[in-house]
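See below for the structure under consideration.
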Amino acid sequence: MRATIEVSGLRKRFGPALALDGMSFTVRPGQVTGFVGPNGAGKSTTMRVILGLDAADEGHALVGGRPYTGLRTPLRHVGALLDAAALQPSRTARDHLLWLAHSQRLPVRRVDEVIEQVGLTSVARRRAGGFSLGMRQRLGIAAALLGDPPVLMLDEPVNGLDPEGVVWIRGLLRSLAAEGRAVLVSSHLMSELQDTADHLVVIGRGRVIADTSVAELIAATSGGRITLRTTAPERARPALAHAGGAVSVTAADTLVVSGLPAERVVALLNAGGVPFSEVAAQRATLEEAYLELTRDAAEFRGARP
């Protein structure tokens, strides 16, 4: 089975509301793909359509070239975590996974393997209803890994995890992608995706806004800006402006320069005898890039403090 998710032309209405408006993208093997967008953008609906939980009005979604509903043992093909609370609270963690394993004809040993993998061995025989949110997240991830699938879909996997758990999930996602799996991660935490994702699908109002690598998106937002620290800004500014640079002052000793490469800035300062302590390319954060992209796509906004 190919390790891919292919979404093509999805349209979906809930009454008068258009949730998906021609959604199309591909999640490829060997990388972590971040799936992001404002609240109400269509992330959850898209994931539910991929998993056959909602039916699209138009278009199709395929896992490994096949619709999810056509998979006889789906957990062997795609592992998913959409809602960590979706479990029987009276069952122990191990029994919850045993029930899933039995339904998919998976060996019992696989249950104990994933329990150890997610760090729940010491509480495996405790009832899941008494688990904290972070423990439920780990149990949901264990269920997603149970069939050793080539495709994984995780919705907000760091939700409720402590700092150790956040570091662990980062490493897990990267290792799963390194094994050649296709990994789709929906998250609102741009700082986590910046350290984890290779690719990003940004959506807004049911459509794809950007489908690009994280590095390319950050580079485009950074815009070739240079940060310059100097004790003589009054001398640096005209020298750089005369050479075609756009210069703005952000602090008493700090200028931001655009339109000139760092090497040219250094050469101009040296030629003019202008002292400086730092010339560095500005790098936007993924959060800044995301906010710039989705500025007009956010449906819900709070008042500015």
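For this structure, a couple of remarks:
- Filtered residue count, segment 85-100, keeping only those that are assigned to a helix (DSSP H, G or I) and either of a type in the set (A, V, I, L, M) or in contact (Cβ under 8 Å) with a residue 40 or more places away in the chain (or both): 5
- Residues satisfying the stated conditions in segment 143-174, i.e. part of a loop (DSSP other than H, G, I, E, B) and at negative phi: 146, 147, 149, 150, 157, 158, 159, 161, 162
- Reported count of residues in segment 112-142, each being assigned to a loop (DSSP other than H, G, I, E, B), surrounded by fewer than 18 Cβ atoms within 10 Å (Cβ to Cβ) and free of Cβ contacts under 8 Å to residues at least 40 places away in the same chain, is 3.
- Of residues in segment 32-76 being assigned to a strand (DSSP E or B) and surrounded by fewer than 20 Cβ atoms within 10 Å (Cβ to Cβ), the one farthest from the chain's Cα centre (by Cα): 58
- Residues in segment 178-187 that are of a type in the set (Gly, Ala, Ser) and either part of a strand (DSSP E or B) or touching an Asp or Glu at 6+ places or on another chain (Cβ under 7 Å) (or both): 182, 186, 187.
- Qualifying residue in segment 164-186 (condition: closer than 25 Å to residue 61 by Cβ, more than 17 Å from the chain's Cα centre (by Cα), in the same structural domain as residue 68 (by TED's automatic domain parsing) and not small (Gly, Ala, Ser)): yes
- The residues on offer are 213, 277, 248, and the sole one that is of a type in the set (S, T, N, Q) and in contact (Cβ under 8 Å) with a residue 24 or more places away in the chain is 277.
- Pick from segment 203-231, criterion more than 29 Å from residue 56 (Cβ to Cβ) and β-branched (Val, Ile, Thr), ranking: modelled with the lowest pLDDT: 221
- Segment 9-31: number of residues that are assigned to a strand (DSSP E or B) and over 15 Å from the mean Cα position of the chain (by Cα): 14
- Candidates 236, 241, 271, 219: the one that is among the hydrophobic types (A, V, I, L, M, F, W, C), surrounded by fewer than 12 Cβ atoms within 10 Å (Cβ to Cβ) and part of a helix (DSSP H, G or I) is 271.
The values are calculated or read from the model by the stated rules, or taken from the named source; none is laboratory data. Since the model is a prediction, treat every value here as computed from it, not as a measurement. Cβ atoms come from the backbone with ideal geometry, glycine included; neighbour counts cover every protein chain shown.
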